[in-house]
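Notes to accompany the following structure.
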Amino acid sequence: MAKIKGKSTNFIDDVQVTADCLTGRAGINLFVRYLRGIGIEPHFLRLFGAIRKHTNGLATEEVFKQLRCFVFDGTSRHLTQFDVLAKDTGYAAVIETAPENMASSHTIKRFIKAMSWQRALRFRRLLLHLFLWRLRHESPEVIILGLDTMVMDNDDAPNREGVKPTYKKILGFAPLQMTWGRFIVDAVFRSGDTHSNHADHASKMIKHVVHMIRTHYSRTVPIIIRLDSGFSDQKLFTVVETLGGGYICGGRFMNDIKALVKDIPESSYQHHFGKTEEDVWEFLEFGDRRANWTCFRRAIFWRPLLEEKQFLLPGSRPGTFVYTNLGMGGAVDQQLQASGFGDMTKPEAVIHAYHGRGEDELVHRSFKDFGFEELPFKRFAPNTAIYYVMVTAFFLFETFKQDVSSTVIPTTSFPTTLRRKLVDVAAKIVSHAGRVVLKVTADVMARLNFKELWQRCLAVPRFVWLQ
């Protein structure tokens with residue numbers, strides 16, 4: 001070691017090669033072990049096993065495991081990263097794969113391209129059964145779903161089938177996604193020029209999800225769907241009403257609505273005081289029937305009175321209004337009353353529930369942080385497959401946070417936060433006496449309770465496919 005005035009320093013004098021098996025992604029082992037604990041792999045084999053055409057190739061479940069770990073790791077969004085990982089013995093060891101079974105980028109591309117868009121739709125079946133698995137595990141008394149489109153920016157990769165101008169004035173895709181809490185529970189991958197309520201995608205998705213809930217979870221649980229104004233359509237409202245569900249949907253400010261709100265005197269408004277000093281609102285209820293509607297529907301308009309602790313002038317108050325069938329005496333009202341949530345039909349509760357759409361937007365933001373928006377293939381079918389790989393991996397990522405890492409990292413944390421704190425951990429993998437041991441530093445072991453997390457990965461609820 002170099003010396004300066006008789007004192008040793010911490011200067012590094014040389015760089016050498018070590019033969020030890022090291023990794024900088026020790027936290028990925030927790031995710032791999034968790035997937036083994038819930039028993040997800042046999043279901044991927046059952047749904048997609050036929051893609052493997054020759055027994056000499058990699059097993060289907062092994063390819064999917066490496067794809068999920070690739071997305072979970074988040075180091076790169078380029079499939080050529082698989083060529084780098086194939087040479088990393090430490091990475092192979094931490095994901096519990098033999099070095100000779102590491103997939104190359106060509107293997108991954110061939111596998112994805114062999115998946116037709118019809119077969120890729122099997123991911124939706126898997127997503128719905130994962131959703132039912134969490135419903136049965138958490139047993140919610142009210143199910144609130146969000147439905148919205150999510151723009152995937154592909155402005156820098158325009159030569160993709162399905163990359164079209166979106167409503168955000170950029171080129172990309174616009175999948176329709178249904179959310180529940182932090183989870184994406186169903187999705188339709190679509191080109192960028194499809195609007196929110198395009199064709200019958202939304203109505204079919206709602207029918208299918210509600211049917212699955214009623215068949216496999218509960219026939220009486222209240223189901224409420226939150227939508228933005230892009231879904232404001234009588235046909236969609238009728239579908240939800242026929243299914244016995246509830247909806248809270250943003251309305252469009254047509255000229256007659258603007259005139260009505262402007263002409264109603266201030267004395268007709270009711271006031272709502274929230275939990276904070278600035279959360280002061282005034283709201284108004286009325287019935288509305290558009291020209292082609294067959295009946296009136298409940299509408300609620302509201303606007304804030306305060307902004308930064310200053311009262312807003314009457315002409316400068318931004319307003320919002322929604323249509324809802326809550327409080328109209330339908331089946332969903334009876335279900336809410338029976339479940340002890342009858343207050344959810346009150347206008348204040350409807351307003352609060354619609355504000356929860358911000359949480360749905362955070363799910364989309366978290367998904368983009370987890371995966372990548374620019375998709376790698378030129379054809380629509382393989383991009384559909386890689387999109388659904390990301391969606392299912394994201395669902396499992398969220399359940400991993402809930403079941404394993406919640407004691408050290410909040411479940412509300414974004415993927416980048418979890419990766420930096422839990423995944424990016426240095427470790428050494430050693431073999432001794434027929435055992436493989438993952439060794440981390442004493443600081444990591446104490447700070448993250450790494451051994452406890454490692455043990456918890458197998459003590460998790462098993463995933464069961466409901467027939």
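The values are calculated or read from the model by the stated rules, or taken from the named source; none is laboratory data. Everything quoted here is computed from the prediction, not taken from an experiment. For neighbour counting, all protein chains shown are included, and Cβ atoms are generated from backbone atoms with ideal geometry for every residue, glycine included.
Scanning the stretch 160-183 for residues that are under 13 Å from F367 (Cβ atoms), among the β-branched types (V, I, T) and either surrounded by fewer than 22 Cβ atoms within 10 Å (Cβ to Cβ) or within 18 Å of the chain's Cα centre (by Cα) (or both) turns up at least one hit. Do we find that L438 is over 27 Å from L132 (Cβ atoms), crowded, with 17+ Cβ neighbours inside 10 Å and outside the structural domain of F131 (by TED's automatic domain parsing) in this structure? Yes. Kindly indicate whether H43 is assigned to a helix (DSSP H, G or I) and not polar (S, T, N, Q). Criteria met by H43.
Among (1) assigned by TED's automatic domain parsing to the domain that holds S366; (2) over 24 Å from the mean Cα position of the chain (by Cα); (3) not basic (K, R), which single condition is L128 missing? All conditions are met except number (2).
Among the residues of the stretch 250-260, are any at pLDDT 95 or above and either within 30 Å of E282 (Cβ to Cβ) or touching a Leu at 6+ places or on another chain (Cβ under 6 Å) (or both)? No, the stretch 250-260 contains no residue that is at pLDDT 95 or above and either within 30 Å of E282 (Cβ to Cβ) or touching a Leu at 6+ places or on another chain (Cβ under 6 Å) (or both). Residue pairs whose Cβ atoms lie under 7 Å apart, separated by 6 or more positions or on different chains, with the first residue in the stretch 374-399 and outside the structural domain of R125 (by TED's automatic domain parsing) and within 10 Å of E161 (Cβ to Cβ) and the second in a helix (DSSP H, G or I) and of a type in the set (D, E, K, R), are P382/K113. Scanning the stretch 334-351 for residues that are in contact (Cβ under 8 Å) with a residue 24 or more places away in the chain and touching a helix residue (DSSP H, G or I) at 6+ places or on another chain (Cβ under 9 Å) yields L336, F341, M344, V350. Look at (1) over 23 Å from T399 (Cα atoms); (2) free of Cβ contacts under 8 Å to residues at least 60 places away in the same chain; (3) of a type outside the set (S, T, N, Q) and you find that R119 fails only one, number (2). Comparison of A93, A26 shows that the only residue that is over 22 Å from the mean Cα position of the chain (by Cα) and either assigned to a loop (DSSP other than H, G, I, E, B) or outside the structural domain of L448 (by TED's automatic domain parsing) (or both) is A26. Could you tell me whether any residue of the stretch 129-139 is within 30 Å of A349 (Cα to Cα) and touching a helix residue (DSSP H, G or I) at 6+ places or on another chain (Cβ under 6 Å)? Among the residues of the stretch 129-139, at least one is within 30 Å of A349 (Cα to Cα) and touching a helix residue (DSSP H, G or I) at 6+ places or on another chain (Cβ under 6 Å), which makes the answer yes.
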